[in-house]
Amino acid sequence: MLQVENTLFTIVMLLYFAAMILYFLFIAVKREGLSKAAVLLQGAGLILHTAALVCRGIGAGRLPLTNQYEFATAFAWGLCLVSLIFVVRFSFPVLGAFAAPVIFLIIGYAAMQSREVHELMPALRSNWLGFHVSTAIIAYGGFGVSFVLGIIFLLRDRMTAGGFLDRHIPDKEKLDSISYRSVSLGLLFLTFTILTGAIWAERAWGSYWSWDPKETWSLVTWIVYAAYLHLRLRRGWQGRAAAIFAVIGFICVMFTYVGVNTFLPGVHSYA
């Protein structure tokens, strides 16, 4: 099954790359059919990506969510899923054009990690693993979409000068509203991630919170996005400032995932 997973993983990378190129061509040559083809390729990639994760789980005999490679590929899967939902829901292929490179970079990062299957350390042998990591994947996917929407918001005036993209990029008010929804989705699932992680930590190490670097930066990320929602709901904070906040928030997400593992090792160093 692991060999099948490796083959599927390679195909998925190619499909995501092809989808990214088609999205770019859609913007460059202004042909509607290219965006539809890109969405279909992204959907096909998502299906095969799901199959690859299932094969990995069967081959490893556990949930495939316990090391850098597994979480990175699952992270890319989550971002692909959430972005595809938003692309289809809002008929917004330009979102796919901006999300596709991020997805490809994350799965490319996964490809550079070791794919060896190791026996689970005692702390990971828990039913809380699935709840904790799966909620993190959806949270990161939601935040990734809000990041992409923030970039689109900041570049919208320059991108729509020619007229074609005006039909494919919502106005700033709509962009802001969609970004709010994606941040809300991400914060909800990040809250579940932190709560399930605290319960799991108490079972594994006897303490709900130990100020481990990843715990600390997850809390920092939660505070950033909670501040975003607070300022929006209480102070009417919208527009450019909110878009910048969404971009900064995703930088915190990426540091929580990559930076902490690289520079601040702790009890989460395995993931």
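The values are calculated or read from the model by the stated rules, or taken from the named source; none is laboratory data. Small disclaimer: the values here were computed from a predicted structure and weren't measured. Cβ: placed from backbone, ideal geometry, glycine included. Neighbour counts: every protein chain shown.
Quickly run through region 210-251 and pick out the residues that are hydrophobic (A, V, I, L, M, F, W, C), more than 14 Å from residue 142 (Cβ to Cβ) and within 16 Å of the chain's Cα centre (by Cα).
If the condition is that a residue be hydrophobic (A, V, I, L, M, F, W, C), more than 14 Å from residue 142 (Cβ to Cβ) and within 16 Å of the chain's Cα centre (by Cα), then 247, 248, 251 are the ones that fit.
Has region 189-197 got any residue that is without any contact (Cβ under 8 Å) to a residue 60 or more places away in the chain, of a type in the set (S, T, N, Q) and not in a helix (DSSP H, G or I)?
No, because not a single residue in region 189-197 is without any contact (Cβ under 8 Å) to a residue 60 or more places away in the chain, of a type in the set (S, T, N, Q) and not in a helix (DSSP H, G or I).
Listed here are the residues, each with its yes/no results for (1) in contact with a Leu (Cβ under 8 Å, 6 or more places away or on another chain); (2) in a helix (DSSP H, G or I); (3) not polar (S, T, N, Q).
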residue	(1), (2), (3)
26	yes, yes, yes
34	yes, yes, yes
38	yes, yes, yes
42	yes, yes, no
47	no, yes, yes
51	yes, yes, yes
56	yes, yes, yes
64	yes, no, yes
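Looking at 148, 183, which one is buried (at least 21 other Cβ atoms within 10 Å of the Cβ) and under 20 Å from residue 230 (Cα atoms)?
Among 148, 183, only 183 is buried (at least 21 other Cβ atoms within 10 Å of the Cβ) and under 20 Å from residue 230 (Cα atoms).
Which of the numbered conditions does residue 246 fail, given that it passes all the others? Conditions: (1) closer than 14 Å to residue 146 by Cα; (2) without any contact (Cβ under 8 Å) to a residue 40 or more places away in the chain.
Evaluating residue 246 over (1) closer than 14 Å to residue 146 by Cα; (2) without any contact (Cβ under 8 Å) to a residue 40 or more places away in the chain leaves (2) as the failure.
As an exercise: evaluate residue 20 against (1) of a type in the set (A, V, I, L, M, F, W, C); (2) buried (at least 21 other Cβ atoms within 10 Å of the Cβ); (3) modelled with pLDDT under 95 and give the number of the one condition it does not meet.
Checking residue 20 against (1) of a type in the set (A, V, I, L, M, F, W, C); (2) buried (at least 21 other Cβ atoms within 10 Å of the Cβ); (3) modelled with pLDDT under 95, the one that fails is (3).
Under the condition of being of a type in the set (Phe, Trp, Tyr) and either touching a Gly at 6+ places or on another chain (Cβ under 6 Å) or assigned to a helix (DSSP H, G or I) (or both), which residue from region 198-211 is farthest from residue 147 (Cα to Cα)? Don't jump to the end; show me each part of the working.
Taking region 198-211 as the starting set, the residues that turn out to be of a type in the set (Phe, Trp, Tyr) are 200, 205, 208-209, 211.
Filter once more, keeping what is either touching a Gly at 6+ places or on another chain (Cβ under 6 Å) or assigned to a helix (DSSP H, G or I) (or both): 200, 205.
Working: 200: 29, 205: 34 Å.
Top of the filtered list is 205.
Could you list, in sequence order, all residues of region 66-96 that are under 9 Å from the mean Cα position of the chain (by Cα) and within 21 Å of residue 34 (Cβ to Cβ)?
The answer is 80, 83.
Among the residues of region 146-161, are any under 23 Å from the mean Cα position of the chain (by Cα) and at pLDDT below 85?
Looking for residues that are under 23 Å from the mean Cα position of the chain (by Cα) and at pLDDT below 85, one finds at least one in region 146-161, hence yes.
Do we find that residue 178 is under 27 Å from residue 13 (Cα atoms) and either of a type in the set (Phe, Trp, Tyr) or out of contact with any strand residue (DSSP E or B) (no Cβ under 8 Å at 6 or more places or on another chain) (or both) in this structure? So that I can check it myself, show each step before the final result.
On the way: under 27 Å from residue 13 (Cα atoms): no; either of a type in the set (Phe, Trp, Tyr) or out of contact with any strand residue (DSSP E or B) (no Cβ under 8 Å at 6 or more places or on another chain) (or both): yes.
No; evaluated as a whole, the condition is false for this residue.
From the list 131, 104, which one is in contact (Cβ under 8 Å) with a residue 60 or more places away in the chain, under 28 Å from residue 27 (Cα atoms) and in contact with a helix residue (DSSP H, G or I) (Cβ under 6 Å, 6 or more places away or on another chain)? Let's see the steps before the verdict.
Working: 131 fails: under 28 Å from residue 27 (Cα atoms).
After applying the criteria, what remains is 104.
Where residues in region 80-130 are in contact with a Phe, Trp or Tyr (Cβ under 8 Å, 6 or more places away or on another chain), part of a loop (DSSP other than H, G, I, E, B) and farther than 19 Å from residue 48 by Cα, which of them is modelled with the lowest pLDDT?
Taking the candidates together, the pick is 121.
Which residue is surrounded by the most Cβ atoms within 10 Å (Cβ to Cβ), if the candidates are limited to region 186-206 and must be out of contact with any helix residue (DSSP H, G or I) (no Cβ under 6 Å at 6 or more places or on another chain) and of a type in the set (Gly, Ala, Ser)?
It comes out as 201.
Return a yes/no flag: does region 26-41 have any residue that is modelled with pLDDT of 90 or more, touching a helix residue (DSSP H, G or I) at 6+ places or on another chain (Cβ under 7 Å) and within 19 Å of residue 119 (Cα to Cα).
no
Residue check: is residue 2 in contact with a helix residue (DSSP H, G or I) (Cβ under 8 Å, 6 or more places away or on another chain), in contact (Cβ under 8 Å) with a residue 60 or more places away in the chain, exposed (fewer than 15 other Cβ atoms within 10 Å of the Cβ) and of a type in the set (A, V, I, L, M, F, W, C)?
yes
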